[in-house]
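Here the structure comes first, spelled out in structure tokens, and everything after it is commentary.
The values are calculated or read from the model by the stated rules, or taken from the named source; none is laboratory data. Computed from a predicted structure; not experimentally measured. In this analysis, Cβ positions are derived from the backbone assuming ideal geometry, glycine residues included, and neighbour counts consider all displayed protein chains.
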């Protein structure tokens, strides 16, 4: 009594030929959107949170200063007092003026006054050091300042 | 001669996904998304560039915030626990327009003075500065019918003439190009009681 013809079984595998394309798309997205970090940060960085954040318009005008305790690896050599890091080395407060001039030299002549200093400071650092840095930056005439912070998700 | 059965000419590409995954994970791990957001501030000019004129500021125009080396707040001479309360106090002070004789005469005259100690933590400093700037952003926003968040986004895109118009309106720019509603946040040199 074979009234119903048995259906021919179709291939049970899912076509996965498009999978690499999807993954490649993701890969390209990440390759394009991320920036490789150029400097190794040798100070502790636990950035404080805030709500009233502003974005920087021109990234090429920004120079970074990192402030905080030396990382565990560097503590043997440099102790635990907060340090200022510019590019790849620790600098003293008095050296900031020279560093700013150097950074300004890398910019176009017309844009030199618009240089922005981004301060990435560990939240335990005391204001004494920050104030000294600010005084030096005023001396070097780099007066646009950005305190890098993280968006506070609990508020706002 | 018997014809050979042709093999399927497809290349086996099932491992392609694995290779791509490997690359993807490599990039995910090695890269950090740049964080270029924060609290923007303009420093005053060099100390010796400022002309030594004795500017008389009326006491009632000043709104004083002081943080000591133990991160305790003193606002207008009164201790304060919750830093989020500063925001409304600043707004009340700036928008007073001479009604209360102990507060500012006009937004133009109002000055918010923020002083710390050398021993104050950076976290506290950012927290208070955030509230002070937030109060101004809220007032600017209200003046142009926007929220503080919208105001902050529009200040990032001043190339747009529409935004520029709103920006000038919010800050009360008059015909001579003078700002009648400036963000007068003055950061005083820290005291040396605590810390290094």
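General observations
- Condition check for residue A:114: within 14 Å of another protein chain (Cβ to nearest Cβ), surrounded by fewer than 19 Cβ atoms within 10 Å (Cβ to Cβ), closer than 18 Å to residue B:36 by Cβ and in contact with a helix residue (DSSP H, G or I) (Cβ under 9 Å, 6 or more places away or on another chain): yes
- Residue among B:57, B:39 that alone is in contact (Cβ under 8 Å) with a residue 60 or more places away in the chain and either assigned to a loop (DSSP other than H, G, I, E, B) or surrounded by 13 or more Cβ atoms within 10 Å (Cβ to Cβ) (or both): B:39
- The condition of being at pLDDT below 80, more than 11 Å from chain A (Cβ to nearest Cβ) and either touching a strand residue (DSSP E or B) at 6+ places or on another chain (Cβ under 9 Å) or over 21 Å from residue B:118 (Cα atoms) (or both) holds for residue B:8.
- Criterion violated by residue A:145 - all others in (1) part of a strand (DSSP E or B); (2) in contact (Cβ under 8 Å) with a residue 40 or more places away in the chain satisfied: (2)
- Among all positions in segment A:89-107, there is at least one residue which is more than 13 Å from chain B (Cβ to nearest Cβ), farther than 25 Å from residue B:126 by Cβ and crowded, with 16+ Cβ neighbours inside 10 Å.
- Filter pass, residue A:51 being in contact with a strand residue (DSSP E or B) (Cβ under 9 Å, 6 or more places away or on another chain), surrounded by 18 or more Cβ atoms within 10 Å (Cβ to Cβ) and either more than 10 Å from chain B (Cβ to nearest Cβ) or under 30 Å from residue B:135 (Cβ atoms) (or both): yes
- Residue in segment A:34-48 that is at pLDDT below 85, at the interface with another protein chain (Cβ under 9 Å from one of its Cβ atoms) and surrounded by 15 or more Cβ atoms within 10 Å (Cβ to Cβ) present: yes
- Residues in segment A:94-109 that are under 14 Å from residue A:143 (Cα atoms) and out of contact with any strand residue (DSSP E or B) (no Cβ under 8 Å at 6 or more places or on another chain): A:97, A:101, A:104.
- Of the criteria (1) closer than 16 Å to residue B:42 by Cα; (2) within 21 Å of the chain's Cα centre (by Cα), which one residue A:113 fails: (2)
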